[in-house]
Amino acid sequence: MITVRNLEVFYKSSRGKFMALAGVNLDVEKGGIVAVIGPSGCGKSTLLYTLAGIIKEFKGEVLIDKTPIDPRKHRIGLVLQDYGLLPWKNVIENSLLGLRVKKKITKTDREYAEYLLSRMGLSGLFTRYPGELSGGQRQRVAIARAFILKPDILLMDEPLSALDAITREEMQDLFLDVWKGDSISTVFVTHSTEEAMYLGKKIAVMTGPPGRIVKTMDNPFFGAREIKDPGLYFSIKSKLKDLIKGRQK
Amino acid sequence: MKVKNTGRYIFILFLIFILWHIASAAVKSPLFPPPTAVFCNLREVFFSKIAVHAALSIYRIVAGLIISVLIGSILGLLMGFYHSVDRVLSPVIYFIYPIPKIALLPIVMILFGLGELSKITLIVIITVFQIVITMRDTVKNIPKETFYSLTSLGAGDIVVFKEIILPAAAPELLTAVRLGAGTAISVLFFTENFGTVQGIGYFIMDAWMRVNYIDMYSGILVLGGIGLILFSFVDALDRIFYRWKN
């Protein structure tokens, strides 16, 4: 469970203070998945980095299962747009990196990692380096790494936006498939309305700067590839687009 | 691949010697003997006269570079990672780096004596700055996103150094060592002209004083050879990183 209350984040630069987030409230229930959608530069990544414990200076409350966020105590799975893999580690080393920082790697961990990687379609590539993989394959490693960690929360920062349309849909399905097995509380940042409506049980619309969440809504189309009610689908979609654009002007 | 590389080296060196030969035949002066004469001389005197000088010079260069790399990379990595260390040390480095430290040779010789220590010290104080600056900038240029996944795992500085800083800096360190090796050889030649009767630098200058140009060219050739071996060794280390770098 993730609880964010009145979150304010400032960036300091030579020209003074810049307000990146202005009073953000967000709830992700246990086993929930919230898609955060908004235009570029609205503070989505800032919100995610605060949840990940990377940004440590903020006002307000960020709680994970009712305790203040602390990356040393909580297990945080983070998947970034540029994959966040270390170029000098091969697939298996990269995928176990998260666990290795937290504890000693056992044989069971290694087997689980190999199982998940294979399920992600990466069998036979375990000793490859990130430079020897395609973009889609790299992103699979990054996603597998997050799940191998068995995290308390999962944070994804536009993880699929660098992929081509076909790979992207494949990865969305694969992600949901693995995610449903573990049902980890997840925040999924995206700038695509389609992706938000496919992957979010709830959708939070963010505008900025300074970043605010202007609307949180339930999404009846979570995990649905076939749209049974196109009328409703497109009305929600255009509502989302209006919310994103309307506040931007 | 290795055999092919060796072949390429031999071929290119062979071309250089042919050009040298032609130039020498055109000049026709004892100042510029043909390579064949130098090679014949080398075959006769290498083991009896030159080898001991060459070995000592290699020792001075390698010892100097190793100390330089140790001091330089520790300082550079800390400066790159901790902004506060950089802020204190940068002005010091920038102030001392451009001072021609060759000019300090007399002082170094007074402080460290005429022996090995003063020669190695001079190599260190001249090459260490390149290594410090290369290492510092390498760490500073690591994209900050690279650190994010470890930060979000609650990793401390030691883990970050082990998992990110050291592996990212290692290939760049080799570049710094290459630069350092070239400088070290030049510095060595200079230091071996003072207060010593050993070392390839001494051998070359001594041959020159004795107007023995064939010996002098033999020494120069050996000095070039030392450089070639050093650089090839560093290149060989490069292959460790070849896979993830390419």
**Prompt:** How large is the charge dipole for chain A, taken about the Cα centre, if only the Cβ atoms of Lys, Arg (+1) and Asp, Glu (-1) carry charge, to the nearest 20 debye?
**Reply:** 800
**Request:** Based on other C-beta atoms within 10 Å, arrange B:MET209, A:MET120 from fewest to most.
**Result:** B:MET209, A:MET120
**Complete:** For region B:56-111, one quarter of the surface area of the C-alpha convex hull, expressed in nm², comes to 4.9
**Item:** Semi-axis lengths (Å, descending) of the ellipsoid that matches the C-alpha gyration tensor of region B:1-141
**Value:** 40, 22, 16
**Request:** Once every Cα of region A:133-219 carries one equal point scatterer and solvent is ignored, give the base-10 log of I(q)/I(0) from the Debye formula at q = 0.16, 0.18, 0.23 Å⁻¹, two decimals.
**Result:** -0.67, -0.84, -1.26
**Per residue Cα convex hull volume in Å³ - calculated over region A:1-56** = 85
**Complete:** Those trypsin sites (Lys or Arg not before Pro) from region B:16-118 that are DSSP loop and have at most 10 other Cβ neighbours within 10 Å turn out to be B:LYS28
**Message:** Can you give the local net charge around A:LYS150? Use residues other than it whose beta-carbon is closer than 9 angstrom to its beta-carbon, Lys and Arg +1, Asp and Glu -1.
**Reply:** -1
**Asked** How large is the dipole of the protein assembly as shown about the Cα centre if only Lys and Arg carry +1 and Asp and Glu carry -1, each at its Cβ, rounded to the nearest 20 debye?
**Response** 520
**Item:** Charge dipole (region B:13-163, unit charges on Cβ, about Cα centre) - positive-most of B:ILE16, B:VAL124, B:ILE96
**Value:** B:ILE16
**Prompt:** When Lys and Arg each count +1 and Asp and Glu each count -1, what net charge do the other residues less than 15 Å away from B:VAL108, Cβ to Cβ, add up to?
**Reply:** +1
**Request:** Enter the angle in degrees (range 0 to 90, nearest 10) between the Cα long axis of helix B:83-96 and the first principal axis of the Cα atoms of chain B, meaning the one along which they spread out most.
**Result:** 30
**Message:** Let me spell out the model: positive unit charges on the Cβ of Lys and Arg, negative unit charges on the Cβ of Asp and Glu, origin at the Cα centre of chain B. What dipole size does that give, in debye rounded to 20?
**Reply:** 420
**Asked** Restricting the count to DSSP beta bridges whose residues both fall in the protein assembly as shown, what percent are antiparallel, rounded to a multiple of 5?
**Response** 55
**Complete:** Projected onto the charge dipole of region A:88-151 (unit charges on the beta-carbon of Lys, Arg, Asp and Glu, signs +1, +1, -1, -1), the Cα from A:PRO151, A:ALA113, A:SER123 with the largest positive-side position is that of A:PRO151
**Fill in**
Taking alpha-carbon centroids only, region A:42-81 lies from region B:102-163 a number of Å equal to 35
**Message:** Quick check: net charge around B:ALA63, other residues with Cβ under 12 Å of its Cβ, Lys/Arg +1 and Asp/Glu -1?
**Reply:** +1
**Fill in**
Evaluated at 20 °C and 1.002 mPa s, the Stokes-Einstein D of region B:38-245 based on the Kirkwood radius over Cα pairs, in µm²/s, stands at 113
**Prompt:** So which GluC sites (Glu not before Pro) in region A:39-110 are both in a DSSP loop and have at most 12 other Cβ atoms within 10 Å of their Cβ?
**Reply:** A:GLU57
**Request:** Could I get the Rg over Rh figure for chain A? Both from C-alpha atoms, Rh via Kirkwood, rounded to two places.
**Result:** 0.97
**Overall dimensions of the protein assembly as shown by Cα: Rg and Dmax, Å** = 31.2, 100
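Express the relative contact order of region A:88-151 as a whole percentage, based on alpha carbon pairs under 8 Å and six or more residues apart in sequence.
Working: 62 pairs, mean separation 34.5, N = 64.
It rounds to 54 percent for region A:88-151.
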**Request:** Indicate, rounded to the nearest 5 percent, the antiparallel portion of the DSSP beta bridges found entirely in chain A.
**Result:** 55
**Fill in**
For region B:63-139, listing chymotrypsin sites (Phe, Trp or Tyr not before Pro) in a DSSP loop whose Cβ sees at most 16 other Cβ atoms within 10 Å gives B:TYR82
**Nearest-ten-degree value, helix B:166-191 long axis tilted from longest Cα axis of chain B** = 30
**Message:** Give me the tail of P(r) for region A:88-151 as a percent: Cα-Cα pairs with distance above 15 Å.
**Reply:** 41
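Bear in mind these aren't lab numbers, they're just calculated from the coordinates by the rules spelled out. Bear in mind the structure is a predicted one, so any value in this text is a computation, not a measurement. Cβ: placed from backbone, ideal geometry, glycine included. Neighbour counts: every protein chain shown.
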